[in-house]
Every structure is written in C-alpha cells, then in structure tokens.
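The next block holds one structure in the form of structure tokens; read it before the comments.
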C-alpha cells in the first residue's frame with residue numbers, strides 16, 4: 001500500500017451555477033483499521049477559499065500550518081484576502097520547493113475571486129497544477145469519484161441540486177472504498193456565504 005493511502009481519506013469538489021460544493025470524509029485510519037470517525041480534511045483559508053488535504057496526515061498538518069502563516073502574512077502585507085489562483089500558486093511553489101523530499105499529499109482548492117468566478121484546482125506532489133471547470137476529486141476513492149461524478153454532473157446546477165448531486169456521488173463512491181467513509185463534511189461556498197453541513201453515512 002502506498003504511504004499516501006496509509007490514513008485513507010477522499011474529497012470531491014463540484015461547480016454549479018453560483019456555488020461550489022466541496023466534501024470530504026471523516027475517517028482517520030491505520031491501513032484497514034479505523035482509529036477515529038470525526039476527522040476533518042476541510043480547512044477554511046479565507047471566507048471565500050477552502051482547502052482539502054488528503055494523503056499522509058503528518059504532512060497535511062505541517063503544510064496547513066505553513067499555508068496558514070503565509071495567508072496571514074499576505075493579508076497583513078497586501079491589506080486584502082488572498083485570491084484562489086494566488087493561493088494555488090503559493091501552494092504549488094511550496095510543493096515544488098520540497099520536490100526532493102516531497103509532501104505526500106493530494107490538495108484540492110476551491111474558491112471565488114473578486115469577480116465571483118469559481119476556481120477549482122488540484123495538483124500533484126511537486127506542485128503541477130490543474131484547473132477544473134466542473135468537478136475534481138482526490139484521495140483513495142478518487143477513481144470511483146471521478147467516474148460517478150462524470151455521470152451525475154450537469155453544468156449550471158442550482159445550489160441545492162448541486163449539494164444533492166455532489167453528496168450522492170461522494171457517498172456512492174466511498175461506499176466502494178474501504179479506506180474512506182464514516183460520514184462527510186460538506187461546505188457549500190457561494191460569493192456571499194459559506195454553509196457547513198455534516199452528512200451521516202454507513203458506519204461499517
């Protein structure tokens with residue numbers, strides 16, 4: 001088993017008409033053993049920017065603290081919140097600077113810029129960035145998530161339809177992955193608000 005899959009975990013982001021939904025499971029495991037069922041993988045970087053980190057949990061925690069410091073310094077220096085693309089470039093730079101001893105993670109970034117344009121980014125271990133217009137997934141259930149989301153996704157969905165579609169895609173994918181599950185955190189992000197919901201799932 002890859003060290004990136006050691007702790008398990010998956011996340012999915014989906015873009016709608018005026019909203020983005022991002023969801024991640026709550027399982028924290030040691031290979032096939034479940035150690036904790038209330039673990040969060042979603043981090044609020046600003047009111048309009050959410051980061052999900054899956055992979056090797058110690059690396060995720062170190063990277064989050066580093067990013068938190070840089071985001072706070074950016075706000076102090078620039079007197080404004082960091083934009084999604086700026087944040088993605090910052091993370092890409094940090095990952096590339098550690099390319100010889102990389103962070104074993106899979107980041108997923110979602111947010112809205114000043115023009116209220118939605119942004120979704122993923123990247124690999126060394127910071128090679130990909131932008132997505134519809135949906136993106138990371139983690140141990142990523143293959144399942146991509147297939148189901150590709151079937152269920154419809155462009156321009158309203159907020160509640162987007163929530164239902166993203167959650168159904170996510171729950172069906174993690175039901176077929178032993179290293180993800182035990183509920184999910186869901187954040188519905190719009191240009192004007194951020195709503196957090198918890199979804200209960202099978203506990204087996």
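Does the stretch 93-100 contain at least one residue that is under 19 Å from residue 41 (Cβ atoms) and modelled with pLDDT of 95 or more? It would help to see each step written out before you state the result.
Let us first name the residues in the stretch 93-100 that are under 19 Å from residue 41 (Cβ atoms), namely 94-95.
Among the residues that remain, those that are also modelled with pLDDT of 95 or more are: 94-95.
Yes: one or more hits.
Please state which one of 118, 102 is touching a helix residue (DSSP H, G or I) at 6+ places or on another chain (Cβ under 8 Å) and surrounded by 14 or more Cβ atoms within 10 Å (Cβ to Cβ). Walk me through how you get there before you give the answer.
On the way: 118 fails: touching a helix residue (DSSP H, G or I) at 6+ places or on another chain (Cβ under 8 Å).
Checking each option against the conditions leaves just 102.
Which one is nearest to the chain's Cα centre (by Cα), of the residues in the stretch 87-123 that are closer than 12 Å to residue 48 by Cβ and not in a loop (DSSP other than H, G, I, E, B)? Working first, answer last.
Going residue by residue through the stretch 87-123, those that are closer than 12 Å to residue 48 by Cβ are 87, 109-119.
From what is left, the residues that are not in a loop (DSSP other than H, G, I, E, B) are 87, 109-112, 118-119.
Working: 87: 14, 109: 6, 110: 7, 111: 11, 112: 15, 118: 14, 119: 12 Å.
Only one residue fits best here, namely 109.
Going by the conditions given, is residue 65 under 18 Å from the mean Cα position of the chain (by Cα) and touching a residue at least 24 places away in the same chain (Cβ under 8 Å)? Before the answer, list the steps.
Numbers: under 18 Å from the mean Cα position of the chain (by Cα): yes; touching a residue at least 24 places away in the same chain (Cβ under 8 Å): no.
So residue 65 does not fit the description; no.
Which ones in the stretch 121-149 are in contact with a helix residue (DSSP H, G or I) (Cβ under 9 Å, 6 or more places away or on another chain), more than 18 Å from residue 104 (Cβ to Cβ) and surrounded by fewer than 18 Cβ atoms within 10 Å (Cβ to Cβ)?
Listed by number, the residues that qualify are 131, 134, 143, 146, 147.
Looking at the stretch 178-198, which of the residues that are buried (at least 21 other Cβ atoms within 10 Å of the Cβ) and assigned to a loop (DSSP other than H, G, I, E, B) is modelled with the highest pLDDT?
By that ranking, first place goes to 182.
The values are calculated or read from the model by the stated rules, or taken from the named source; none is laboratory data. Being a predicted model, the structure only gives us computed values, none of them experimental. Backbone-built Cβ (ideal geometry, glycine too); neighbour counts: all protein chains shown.
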